[in-house]
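J.: Can you keep this structure in mind? I'll have questions shortly.
The values are calculated or read from the model by the stated rules, or taken from the named source; none is laboratory data. Bear in mind the structure is a predicted one, so any value in this text is a computation, not a measurement. Glycine also receives a Cβ, built like all others from the backbone with ideal geometry; neighbour counts cover every protein chain displayed.
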Amino acid sequence: MARTRPDARAPLATVYLHGELGAGKTTLAQGFVRACGVAGPVRSPTYPLVQVYTLTGLTVAHLDLYRLRGAEEFEHLGLSEWALPGTVWLIEWPERGAGVLPPADLRITLRLLADAHEARLRAETATGEAWLKRLTGLRSAESS
């Protein structure tokens, strides 16, 4: 059974993106941001570490933690201001923030295969389960 979020101040949803370099984590996050309605540039957060997109009723914080050496570096990112309801966190390389990041609602593991990409999704909370059900419903509707 998935656990629920105990902290009412936690983000709306936290999505951990796992995979090796080149597996498609940034591309997936950029597609998500575009699907949410961002029409302007959707940049990789590799150098600034965080890109925030504010939409009507939703904020998306895309984090790329690859360059961090440890959880102690999180203090300088100012992430607490984005730990609010109505914010979705898309986090690349979440293992670099172990013990500091909010728990994942959904984990997406990407793998680059010889001729395709593989994505494995795993819900970790009731929120993650709801997202998976919604994705499954969309997929079923597209197949019909």
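J.: Kindly check whether there is at least one residue in segment 109-126 that is among the β-branched types (V, I, T), under 15 Å from the mean Cα position of the chain (by Cα) and in a loop (DSSP other than H, G, I, E, B). Give the derivation first.
T.: So the first thing to find is which residues in segment 109-126 are among the β-branched types (V, I, T), and the list is 109, 125.
Then drop every residue that is not under 15 Å from the mean Cα position of the chain (by Cα), which leaves 109, 125.
Of the ones still in play, those that are also in a loop (DSSP other than H, G, I, E, B) are none.
Checking segment 109-126: not a single residue is among the β-branched types (V, I, T), under 15 Å from the mean Cα position of the chain (by Cα) and in a loop (DSSP other than H, G, I, E, B).
J.: Residues that are buried (at least 19 other Cβ atoms within 10 Å of the Cβ) and either of a type outside the set (V, I, T) or not in a strand (DSSP E or B) (or both): does segment 54-61 have at least one?
T.: Yes; the residues of segment 54-61 include at least one that is buried (at least 19 other Cβ atoms within 10 Å of the Cβ) and either of a type outside the set (V, I, T) or not in a strand (DSSP E or B) (or both).
J.: Identify all residues within segment 56-113 that are of a type outside the set (V, I, T), under 22 Å from L135 (Cβ atoms), without any contact (Cβ under 8 Å) to a residue 60 or more places away in the chain and touching a strand residue (DSSP E or B) at 6+ places or on another chain (Cβ under 6 Å); write none if there are none.
T.: Selection gives A61, H62, L63.
J.: Got at least one residue in segment 6-21 being surrounded by fewer than 17 Cβ atoms within 10 Å (Cβ to Cβ), assigned to a loop (DSSP other than H, G, I, E, B), of a type outside the set (F, W, Y) and at pLDDT 90 or above?
T.: Among the residues of segment 6-21, at least one is surrounded by fewer than 17 Cβ atoms within 10 Å (Cβ to Cβ), assigned to a loop (DSSP other than H, G, I, E, B), of a type outside the set (F, W, Y) and at pLDDT 90 or above, which makes the answer yes.
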